[in-house]
Structure formats: structure tokens, C-alpha cells
Amino acid sequence: MPEIKQFKHFKGVYCIGSGNRTTLLTKNLVPGKIVYGESLFYDKDAEGNKVEYREWDPERSKLGAALMREVSQISIKENDYVLYLGCSTGTTVSHVSDIVGKNGLVYALDFAPRVLRDMVFVAEDRTNIAPIMADANKPDTYAHLISEVDTVFMDIAQKNQAEIFIKNCQLYLKEGGFGLLAVKARSVDVTRYPKDVFRQIRALLEKEMTITDYRELDPYEMDHAIFVVKKKI
Ligand SMILES: C[S@@+](CC[C@H](N)C(=O)[O-])C[C@H]1O[C@@H](n2cnc3c(N)ncnc32)[C@H](O)[C@@H]1O
């Protein structure tokens, strides 16, 4: 049985193996239940109790891909409140839910009823997820549903994704909190080279935020990048 250890300095993220053969894991908040067909792994804690982990597939999660591409931080940790824009059916949200634990909270927002229905099923087991059906481009419309958060994570394929992200960070990100924006180049402009699109997004973000890290996500997610930002002080 390979050893399960913490993944680098990321508390709440675990792994087996190393380098390209790393399998990312999170501790399953709801033992015995899986969310997207992921494999389960087991270990024992210091008292000899069985601990269950879920595999985190970086080819199905831009946050997982960012970890594999050695992003310096994801900012999400135990007890945090996270606003997750573009939750879809909850693949990545479920791992964020594992990391923040039962005293943290993930506001999981999407505007598509079909995917949000599946998200609601996931949230039935995971009581630290609050699904919200809303348009991330209209952040005022959900002000009554959420509080300030430690992290804003956004993964929505929209042409004006940088603008939507900045609006949400300005309204909901705590002083000192971090924002993570996953960018799909082809959603912004299908005719341009991804690197040109990423440069354009960087310039937009830099007007309002301080960029602390940036990673391109290939080969896990082709033509995608992730920006890590803080509010300007
Ligand atoms: C690539 S998927 C997200 C996958 C998810 N982050 C994961 O890793 O499991 C993008 C999602 O963004 C949602 N979306 C796109 N535009 C949106 C908007 N303006 N407001 C809310 N959700 C939006 C789509 O419905 C879709 O479910």
C-alpha cells in the first residue's frame, strides 16, 4: 500500500506517488460516497482509525490541474468560506468541500438548472455546500444569500470572464483574501493564440488586483490558465 502524505505545503490536500506519477487526494468528508466516479484510498490516523480519501482528477478539475502545475498556493484551507462561481455538477466543489471541512462553507453558484440539480444532490450529503442558482455576471442578485468569503474561485466560460471575476471579488472577497480565476482562452476569443488571450486577461486584472501567481494548465487542460490574485490595498 503506497504511503499517503500531505501534498507539498497544501494543508487538506494529500497525495500518493511523486512527480508526474502523483495522485492527488482529499480526505472524504462523507466516507463511502463518491461524486464523479473517483477512486477511494485508505489509511489509518494516529489512533488507528480508518481514514478515507478520494482521488482528485486534474484532468477534470482546473484547481487540481493548477496544483499539478505547481501553483504556489490555492488559498483554500480548513474552516474557510469560498465563493465558487461555475460549480457545474460539483466535481471540483466536492474537493473544496473536503478541504474546508464541516465548519467551512462553499457557496456553489451556477446559472444552468440542469447541472445545479446534480449539485443539489451532492449538497444533500455535504452540508458545507450551499448551491445557488444565479448569473455570476449579476453579483448584486445574490447579495442576500452570501457573506464575505476568504476565497473567490471562478471557472466559467464567458467572453467577459475577467470583468465578472473582478466584480465578484470587489463585492465578496475579504480584505486579505485571494481570488483564483481559471481562464479558457477559446471562450474569450477563438481566433487568437491562447497566450495573447492570457496577456489580455492579465492586463485587465492588473488594473484592479495584484496578481500573485499564474500557471498554464496544459497538459491537463489545454489552452487554459489560472490566475491567483489579491485585492489591491
Ligand atoms: C467548465 S464548467 C465548470 C466546471 C467546474 N468548475 C468543475 O471543475 O467541476 C463551467 C460552468 O460555468 C457555468 N456558467 C457559465 N456562465 C455562467 C454565468 N454567467 N453564471 C453562472 N454560471 C455560469 C456553466 O453553466 C458551467 O456549468
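The values are calculated or read from the model by the stated rules, or taken from the named source; none is laboratory data. Predicted, not measured: the structure shown is a model, and the values here were computed from it. Glycine also receives a Cβ, built like all others from the backbone with ideal geometry; neighbour counts cover every protein chain displayed.
Considering only residues in segment 93-123 that are among the basic types (Lys, Arg) and within 14 Å of the ligand (Cβ to nearest atom), the one that is farthest from residue 29 (Cα to Cα) turns out to be 114. Looking across segment 11-33, the residues that are at pLDDT below 95 and either in contact with a Lys or Arg (Cβ under 6 Å, 6 or more places away or on another chain) or not in a helix (DSSP H, G or I) (or both) come down to 17, 18. Within the bounds of segment 100-116, is there any residue that is hydroxyl-bearing (Ser, Thr, Tyr) and touching a strand residue (DSSP E or B) at 6+ places or on another chain (Cβ under 7 Å)? Scanning segment 100-116 turns up at least one residue that is hydroxyl-bearing (Ser, Thr, Tyr) and touching a strand residue (DSSP E or B) at 6+ places or on another chain (Cβ under 7 Å). One residue stands out in segment 176-233 among those that are of a type in the set (Val, Ile, Thr) and at pLDDT below 95: the one that is nearest to the ligand (Cβ to nearest atom), namely 188.
Matching residues to (1) under 18 Å from residue 72 (Cβ atoms); (2) in contact with a strand residue (DSSP E or B) (Cβ under 8 Å, 6 or more places away or on another chain); (3) of a type in the set (A, V, I, L, M):
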residue: 193; (1), (2), (3): no, no, no
residue: 196; (1), (2), (3): no, no, no
residue: 200; (1), (2), (3): no, no, no
residue: 211; (1), (2), (3): yes, yes, yes
residue: 215; (1), (2), (3): yes, yes, no
residue: 225; (1), (2), (3): yes, yes, yes
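Selection over segment 175-233 of residues that are under 16 Å from residue 158 (Cβ atoms), in a loop (DSSP other than H, G, I, E, B) and touching a residue at least 24 places away in the same chain (Cβ under 8 Å) gives a count of 2. When residue 138 is tested against (1) more than 12 Å from the ligand (Cβ to nearest atom); (2) surrounded by fewer than 16 Cβ atoms within 10 Å (Cβ to Cβ); (3) free of Cβ contacts under 8 Å to residues at least 40 places away in the same chain, exactly one condition is not met: (1). The set of residues from segment 38-66 being surrounded by fewer than 23 Cβ atoms within 10 Å (Cβ to Cβ) and among the aliphatic types (A, V, I, L, M) comprises 40, 46, 51.
Checking 21, 69 one by one, the residue that is within 16 Å of the ligand (Cβ to nearest atom) and out of contact with any His (no Cβ under 6 Å at 6 or more places or on another chain) is 69 and no other. Would you say residue 81 is in contact with a Leu (Cβ under 6 Å, 6 or more places away or on another chain) and either in the same structural domain as residue 127 (by TED's automatic domain parsing) or at pLDDT below 95 (or both)? Spelling it out, residue 81 is indeed in contact with a Leu (Cβ under 6 Å, 6 or more places away or on another chain) and either in the same structural domain as residue 127 (by TED's automatic domain parsing) or at pLDDT below 95 (or both). Residue count for segment 141-150 under the criterion of being within 14 Å of the ligand (Cβ to nearest atom) and either over 16 Å from residue 112 (Cα atoms) or touching a residue at least 60 places away in the same chain (Cβ under 8 Å) (or both): the result is 2.
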